[in-house]
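**Q** Attaching a single structure in structure tokens format; questions to follow.
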Amino acid sequence: MDATSIVAAINGNIATVGYGLAAIGPAIGVGIVVGKTIESVARQPELQGRLTTLMYIGIAFTEALALIGIATYYIFTN
Amino acid sequence: MNSATIVLKRSLIYGALLALAIAVVGGVIGGLVAGGNGVLSALVGTAMAAVFLGITSGSILLATRSRRYEAFSPAFFAIVLGGWVLKFVMFLALVFLTGRAPWVQPHVLFFCILAAVVGSLLVDVIVVARTRQPYIDEPRSAVTPERSDS
């Protein structure tokens, strides 16, 4: 079966693919941010206050992409 | 007390003030563009973005301030990351519930969410950049050493 036939056989709402893409990136991003923060605190526990702040900023920026990605449902389906 | 607490508190307060401003401006623009439905959509969109972004700092604040948990214990990450997953499930459910509601003006709602998200990021960056925070936290000891008077 060639690629054109496979694509033609796919049915359903293509927006679900969009949600998947909107979820994968931020999930990887938050995983990296939190994992690196754990590594850093394990190396230097006295810096945990500043590292918590930096972790917060990292999570905020990463989740902003996910929120915008999911909210595009409003304009792409109407 | 963790030194990140003051940053998170300020971020929550200024984020709420910004959301209020966006709700007012978005409500006026939504009202001019689409009448009552536009106002309602602007208020709902701003509230969704503000609450869901506030949950991030709120959950870290809760996990950090809780005296029962050492910072960066498994309980800390259970609260922060559990809140993150819960927030996204709720956001997804809300989007699907309100997506085809007759009172929703999708463009007004989307642009209010966008403005609140971008504005919240700006507020976070400004708060983090301007707040004085010590480099080193005083380590929290599990057992307070007894002072000897002799």
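Computed from the coordinates by the stated procedures, all read-outs in this text should not be read as laboratory data. None of these values were measured; they are calculated from a predicted model. All Cβ positions, even for glycine, are placed from backbone atoms using ideal geometry, and neighbour counts span all protein chains on display.
**Q** Would you mind counting up the charge near B:V128? Only other residues with Cβ under 13 Å from its Cβ, with Lys and Arg at +1 and Asp and Glu at -1.
**A** +4
**Q** What FRET efficiency would be calculated for the residue pair B:I6, B:V85, taking the C-beta separation as r and a Förster radius of 22 Å, to the nearest 0.05?
**A** After rounding to 0.05, the efficiency reads 0.25.
**Q** In addition: According to a simple spin-label model (label point 7 Å from Cα along Cα-to-Cβ), what is the distance in nm between B:R132 and B:A16?
**A** Between B:A16 and B:R132, the simple spin-label model gives 2.6 nm.
**Q** If each DSSP helix of 4+ residues adds -39,500 (n - 2.57) and the sum is divided by the residues in chain B, what number results at 222 nm, nearest 500 deg cm²/dmol?
**A** -27500 deg cm²/dmol
**Q** Could you work out the mean count of beta carbons from other protein chains within 10 Å of each residue's beta carbon in B:118-130?
**A** Rounded to a whole number, the mean comes out at 2.
**Q** Let me ask another. What number do you get for the protein assembly as shown when its Cα radius of gyration is normalised by 2.2 N^0.38 Å, N = residues?
**A** Ratio of Rg to 2.2 N^0.38 Å for the protein assembly as shown: 1.22.
**Q** Between 0 and 90 degrees, rounded to the nearest ten: what's the tilt of helix A:48-71 against the longest Cα principal axis of chain A?
**A** 10 degrees
**Q** Then there's this: Just to check, using Stokes-Einstein with a Kirkwood Rh over alpha carbon pairs, what's the diffusion coefficient of the stretch B:4-130 at 25 °C and 0.890 mPa s in µm²/s?
**A** 159 µm²/s
**Q** Here's something else I'd like to know. For the pair B:A75 and B:L122, how long in nm is the line joining their label points, each one 7 Å along Cα→Cβ?
**A** Taking the two extended label points, one gets 3.9 nm.
**Q** What FRET efficiency, computed as 1/(1 + (r/R0)^6) with R0 = 30 Å and r the Cβ-Cβ distance, is obtained for A:L21 and A:Q44, rounded to the nearest 0.05?
**A** Rounded to the nearest 0.05, the efficiency is 0.25.
**Q** What ranking do B:45-56, A:55-66, B:84-95 get when scored by the average of other Cβ atoms within 10 Å per residue, highest first?
**A** For the peptides B:45-56, A:55-66, B:84-95, the packing ranking is B:45-56, A:55-66, B:84-95.
**Q** Which percent of Cα pairs goes in each bin when the distances of chain A are cut into 10 angstrom slices starting at zero?
**A** Percent of Cα pairs in each bin: 16, 31, 23, 17, 9, 3.
**Q** For chain A, what does -39500 (n - 2.57) per DSSP helix run (n ≥ 4), summed and divided by total residues, give at 222 nm, in deg cm²/dmol to the nearest 500?
**A** Counting only the DSSP helices, I get -27000 deg cm²/dmol.
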